[in-house]
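What follows is calculated from the coordinates using simple rules that are stated; it is not laboratory data. Since this is a predicted model, take the numbers as computed values, not measurements. Here Cβ is always computed from backbone atoms with ideal geometry, including for glycine, and neighbour counts include all displayed protein chains.
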Amino acid sequence: MAFQESTCTISGMRPHKLPGKFDLSGLLSRLEEEIRKTVLQGCDTFQTGMAMGVDIWAAEIIIKLKSEYPRIRLICCLPCETQADNWPDEWREKYFDTLVKADEVVCLQKHYTAGCMQRRNRAMIGNSSRLIAVHDKISAGGTAQTINYAKTKGLKVFIVNP
């Protein structure tokens, strides 16, 4: 993957890490609003790491918005082929349904290894000019690391607080 000015990475917290009383429909509305703004600012390619939660919800929003904005593309960047092997059935169904509808699927390696999620996040940031992240600005973890890495690389960072 090579750097693209019109590419936006979307990352976010896993469902079990979101605040206990967050409003899912409100969060999805704010995330969709941020994606729409990004499209109107010239981004036409969106990439997500396809983790449970925000990554998949964002991909579903982008797929929905393709009827309104036919020029937008969805790239699913997988850390490994086995990413969803141990997920609950509901999430596996969303995952595979989304992969089929994506414009492109990039898989970085065959099996899970320590650090493969971080390599995926860094690869996506290296290919982007901006990041939309759903994060509470408190929690540590992969999303916080991705936000910090994006800032060090000079990306425009937009945070949606759940």
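Taking amide H positions as modeled 1.01 Å from N, with prolines and chain starts lacking one, the residues under 5 Å from L78 and 5 or more places away or on another chain are V106, C107, L108.
Report, in listed order, any pair from K21/K156; K37/K94; K21/K94; K64/K94 with a Cα-Cα distance greater than 19 Å. Listed pairs above 19 Å: K21/K156; K37/K94; K21/K94.
The distance separating the Cα centre of region 21-71 from that of region 114-159 comes to 16 Å.
Net charge near L108: determine it from the other residues with C-beta under 12 Å of the C-beta of L108, scoring Lys and Arg +1 and Asp and Glu -1. Spell out each step's value before the answer.
Values: positive: K110, R119, R120, R122; negative: E81.
Around L108, the surrounding residues sum to +3.
Using only Cα coordinates, the Kirkwood hydrodynamic radius of the chain works out to 15.6 Å. How much FRET efficiency would the formula 1/(1 + (r/R0)^6) give for E68 and E104, where r is the Cβ-Cβ distance and R0 is 22 Å, rounded to 0.05? E between E68 and E104, to the nearest 0.05, is 0.65. Within the listed set T45, T146, T113, the residue fluctuating most in the Gaussian network model of the chain (springs between alpha-carbon atoms under 10 angstrom) is T113.
With a cut-off of 12 Å between beta carbons, the residues surrounding S11 carry a summed charge of +3, where Lys and Arg count +1 and Asp and Glu -1. About its Cα centre, the dipole of region 1-105 is roughly 280 debye, where the only charges are +1 on Lys and Arg Cβ and -1 on Asp and Glu Cβ. Run through region 71-162 and list the trypsin sites (Lys or Arg not before Pro) located in a DSSP loop whose Cβ has at most 12 other Cβ atoms within 10 Å. Passing sites in region 71-162 are R71, K110, K137.
Dipole check for region 47-109: with +1 at the C-beta of Lys and Arg, -1 at the C-beta of Asp and Glu, and the Cα centre as origin, the magnitude is about 320 Debye.
Amide H contacts of V134 (H built 1.01 Å from N, in plane; Pro and chain starts excluded): S11, G12, M13, V160 sit under 5 Å, all sequence-distant by 5 or more or on other chains.
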